[in-house]
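What follows is a short report on a single structure.
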Amino acid sequence: MKHPFGHLIDTLRSEQYEERRYFNLLKLSDVRYEKLPFCMRVLLESAIRKCDGFYIKTDDVSSILDWQMQQNQAEVAFSPARVLLQDFTGIPAMVDLAAMRDALAKQGVDPNLVNPRCPTDLIVDHSLQIDYSKWQDLFPPDINAVHQVNLEYLCQVVQEGEGFIYPDSVVGTDSHTTMINGLGILGWGVGGIESEAVMLGQPVSLTLPQVVGCKLVGTINPLATSIDIVLGITKHLRQAGIGRKFVEFFGPGVQQLSAPDRTTIANMCPEYNATVSFFPVDDLVVLEDYLKAIKLFRSYGDQSDEPQYSEMNLSSIVPHVSGPKRPQDRVAVTCMKEDFINCLNEKVGFKGFHISKEKQATQVPFLHEGAEYNLAHGSVVIAAVISCTNNCNPSVMLAAGLLAKKAVEAGLTVKPYIRTNLVPGSGTVTHYLNTSGVLPYLRKLRFEVVGYGCATCVGNTAPLPESVVDAIKQGDLVACGVLSGNRHLEGRLCDCVRANYLASPPLVVAYAIAGTVSINLETEPLGVNSEGKDVYLRDIWPSKEEVNHTEENIVIASMFKELRSRMEKGSTFWNRLESAESALFPWDPKSTYIRCPSFFSKLSKEVCTPQSIEGAYPLLFLGDKVTTDHISPAGSIARVSAAAKYLQSKRLTPREFNSYGARRGNDAVMTRGTFASIKLQNRLIGKTGPKTLHIPSGQMLDVFEAAERYQRDGVPLIILAGKEYGSGSSRDWAAKGPYLMGVRAVIAESFEKIHRNHLVGMGIAPLQFLPGQNADSLELCGKERFTINLPQELTPRQQLTVQVDTGKSFSVTALFENDMDVAFFRHGGILKYVARSLLL
């Protein structure tokens, strides 16, 4: 079959390439191409190269070329160069595909048809314990965090395959896949459900986004770290309202940012609610010849003919932390004590804890390892230098090490009850911390390397000492965690730690030494040395010159070569794992980690048109800003939870429960952990916690137990919610869990886009109240029964009628954005759609 854009094929000959074919976009002879933002040029190249007239059509190419007129309107398909999986979502994806193989085999179809058609890599980094599994390319645990592997090992900038060279691009099952944008590689996070479809050859569907240019000017303050720059840009872009948009950086200020600085900024993209934060390739990155040939190479020093974009002055950035509950709430370090006191006074909310004046001075004595200590509001009980945001940037990690060295030499210590850890995302970090001589000093301050992967951010912190937990509860204290990560929602680190702050690695060490966040680090001492002399932060803070000198002499290319060798060798234990030579996975009925899910139990060649939802009860009645942390299982498994009861029935003790992340391959555990958050606010019961009202009986039950009873009685379920339902991290179990609970639809004021995609991908209808309407304006109490009429021929964004058993009715918009969404919903979700296409 003749390629519709075959006339664009050209041959590149250079010192870098003897002879390589590529699609020369300049042959389009279209003035619109050179006016496209660089990230749009990557989308265009992919659309042209992968155009097959079925999944990707010539209309997609035309829409991208006409981006200025089509943005926020046209839906286009994008086929990335590769897929990146981490184990929290990657292992469930493998389990799903293994289950799909089983389902096809039962229908007499070759199970080998279920095989990745797009290059796919799985990095085991989010959990410390998993059962053995087999599927595609696996990177062993305890080597690197997923984003570090992507940066240091997998990314190519320019890929080669199917006889062509082309720009690298990736979708990953982690919202911080955007980190790769810092190297000029287009990539963003998708859910496990979408990733499985891409693995099997389906393109990603997206609405052509607006692209916001962020011009960086000025000179960076020498006291500001990359984290300060990140938090400054986070606040700036949030104020600019760039939700769901692509951001592209340009301007002379970009030249001051190293590659680690750029990837750090791009990593925080989800925190300022952008889809992509793109730094076009410049002379920091190699492979110029091809990129220059198709005008994907940027010279940041050339300001001629620049578009008019927003501008940010780097000189305005000073050291900050972020918290106590959201990454966008920045606090200057010099204002930290005053801000924390204000938080105690404020009513409960994003910045408040509502502690009465007379209780703000509460101190609770306790014993730990035979010594007595006191806890108060603001006491630090968790201090973690961890992966994702900072580990790719040697400057801030070395700064933490140098600060630790000076602190130890000054006679400062960290109290032993503080849960400290150092979880780099890469063996490279440990290597240069050790080679530079600072790792022993971090260890003396109790910051031990505990492994490589995600830990504190996802709730995998080791339990706090019982005496500490008891003291916090006794005094109703607002205890604090300080971490150099990217997520710190209330209760996520530990359910008894209410205030959590994001900070740069050296500030994490500083606050651990101080033992409290209720301190002005500029005017108050961190501690007292053995001679009784006050030691201030300024006395031990390393200068930029010290950090740069150490970085230039320690962080060298040989480290990355050593790391590549280490990754290729893997671990001895990992290499000894055996797998059966079979197309079908040998499920172990005794395993409590991996279990065959029931998604394909009723798979057949016939497409079942979705039936109208009749007489549904609300499982939950929720408010605004319900995040995927509230919905999806995350963190440790509480001893009184429905998941704990299940594991105890399998004769496991609480010490063996592990985390939800480690058990994501077991649908029985994950379904029971859905809506199990202690911070869930359900209006049906009027208080916080993982409970709901079983409306027919009037009983208050665990959410899972209520759902199980409804399903046993054949009663469909819906969820009522407010604005921004499903915001936060991309999590496929935030849709899989409700699906397995029997939820047929979610009616909300608005949805986070990725979560909306996940609901559609699982066959759950995302229904939006009409503008100006919500559950309150419609006088819904949440105890009614609802009937939703689904027509035989659904269309995108069609208005549907909802009838209530009280006699009233109202209209909602079905948020199916395109015909493909409708097709997925009609088949019962994207996985069944793909499975049926293989059956046929």
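The values are calculated or read from the model by the stated rules, or taken from the named source; none is laboratory data. Please read these numbers as outputs of a predicted model, since none were measured by experiment. Methodologically, a virtual Cβ is constructed for each residue, glycine included, from the backbone with ideal geometry; neighbour enumeration extends over all protein chains shown. Heavy atoms of the whole protein, side chains included, go into the accessibility calculation; ligands, DNA and RNA do not. Shrake-Rupley method; radii C 1.70, N 1.55, O 1.52, S 1.80 Å.
So here's what we get for this one:
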{"item": "Residues (free of Cβ contacts under 8 Å to residues at least 40 places away in the same chain and open to solvent by 10 Å² or more (accessible area, probe 1.4 Å)) located in the stretch 235-273", "result": "Gln239, Gly241, Gly243, Lys245, Asn273"}
{"item": "Matching residues in the stretch 822-837 - criterion: being of a type in the set (A, V, I, L, M, F, W, C) and either closer than 17 Å to Met94 by Cα or open to solvent by 40 Å² or more (accessible area, probe 1.4 Å) (or both)", "result": "Ile830, Leu831, Val834, Ala835"}
{"item": "Val429 being in contact with a helix residue (DSSP H, G or I) (Cβ under 9 Å, 6 or more places away or on another chain), open to solvent by less than 10 Å² (accessible area, probe 1.4 Å), closer than 19 Å to Leu483 by Cβ and among the β-branched types (Val, Ile, Thr)", "result": "yes"}
{"item": "Entirely in the stretch 1-92, the strands (runs of 3 or more DSSP E) that have 2 or more residues that are touching a Phe, Trp or Tyr at 6+ places or on another chain (Cβ under 9 Å) and of a type outside the set (Val, Ile, Thr)", "result": "9-12, 20-23"}
{"item": "Residue under evaluation Glu372, criteria (1) under 30 Å from the mean Cα position of the chain (by Cα); (2) under 25 Å from Gly532 (Cβ atoms), criterion not met", "result": "(1)"}
{"item": "Matching residues, the stretch 643-681, being surrounded by 15 or more Cβ atoms within 10 Å (Cβ to Cβ), assigned to a helix (DSSP H, G or I) and not basic (Lys, Arg)", "result": "Ala643, Ala644, Tyr646, Leu647, Asp667, Ala668, Val669, Met670, Thr671, Gly673"}
{"item": "Residue satisfying condition, being in the same structural domain as Leu291 (by the TED database), modelled with pLDDT under 90 and farther than 26 Å from Asn112 by Cα, within set Asp168, Asp174", "result": "Asp174"}
{"item": "From Ile754, Ile747, residue being surrounded by 15 or more Cβ atoms within 10 Å (Cβ to Cβ), over 22 Å from Gly615 (Cα atoms) and under 32 Å from the mean Cα position of the chain (by Cα)", "result": "Ile754"}
{"item": "Subset of the stretch 605-628 (residues that are assigned to a loop (DSSP other than H, G, I, E, B) and in contact (Cβ under 8 Å) with a residue 60 or more places away in the chain)", "result": "Lys605, Val607, Cys608, Thr609, Pro610, Gln611, Ser612, Gly623, Asp624, Lys625, Val626"}
{"item": "Breaking point among (1) under 33 Å from the mean Cα position of the chain (by Cα); (2) under 19 Å from Phe751 (Cα atoms), for Leu831", "result": "(2)"}
{"item": "Number of positions in the stretch 525-556 that are within 24 Å of Pro394 (Cβ to Cβ), open to solvent by 50 Å² or more (accessible area, probe 1.4 Å) and acidic (Asp, Glu)", "result": "4"}
{"item": "Among residues of the stretch 629-641, those that are open to solvent by less than 10 Å² (accessible area, probe 1.4 Å) and not in a loop (DSSP other than H, G, I, E, B), counted", "result": "1"}
{"item": "Count of the stretch 193-229 residues which are open to solvent by 20 Å² or more (accessible area, probe 1.4 Å), in contact with a Lys or Arg (Cβ under 8 Å, 6 or more places away or on another chain) and modelled with pLDDT of 85 or more", "result": "4"}
{"item": "Residue in the stretch 336-351 that is part of a strand (DSSP E or B), out of contact with any Ser or Thr (no Cβ under 9 Å at 6 or more places or on another chain) and farther than 30 Å from Asn548 by Cα present", "result": "no"}
{"item": "Residue count for the stretch 692-729, restricted to those that are basic (Lys, Arg) and either in the same structural domain as Pro270 (by the TED database) or free of Cβ contacts under 8 Å to residues at least 12 places away in the same chain (or both)", "result": "1"}
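Per-residue answers, yes or no, for (1) under 23 Å from Phe246 (Cα atoms); (2) of a type in the set (Gly, Ala, Ser); (3) open to solvent by less than 70 Å² (accessible area, probe 1.4 Å):
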position: Asp10; (1), (2), (3): no, no, yes
position: Val31; (1), (2), (3): yes, no, no
position: Cys39; (1), (2), (3): yes, no, yes
position: Ser63; (1), (2), (3): yes, yes, yes
position: Val76; (1), (2), (3): yes, no, yes
position: Pro80; (1), (2), (3): yes, no, yes
position: Leu97; (1), (2), (3): no, no, yes
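So that you can scan it fast, the table gives a plain yes or no per residue for (1) free of Cβ contacts under 8 Å to residues at least 60 places away in the same chain; (2) open to solvent by 50 Å² or more (accessible area, probe 1.4 Å); (3) outside the structural domain of Ser518 (by the TED database); (4) within 20 Å of Ala479 (Cβ to Cβ):
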{"site": "Met336", "(1), (2), (3), (4)": "no, no, no, yes"}
{"site": "Ile341", "(1), (2), (3), (4)": "no, yes, no, yes"}
{"site": "Ser356", "(1), (2), (3), (4)": "yes, no, no, yes"}
{"site": "Glu369", "(1), (2), (3), (4)": "yes, yes, no, yes"}
{"site": "His377", "(1), (2), (3), (4)": "no, no, no, yes"}
{"site": "Leu398", "(1), (2), (3), (4)": "no, no, no, no"}
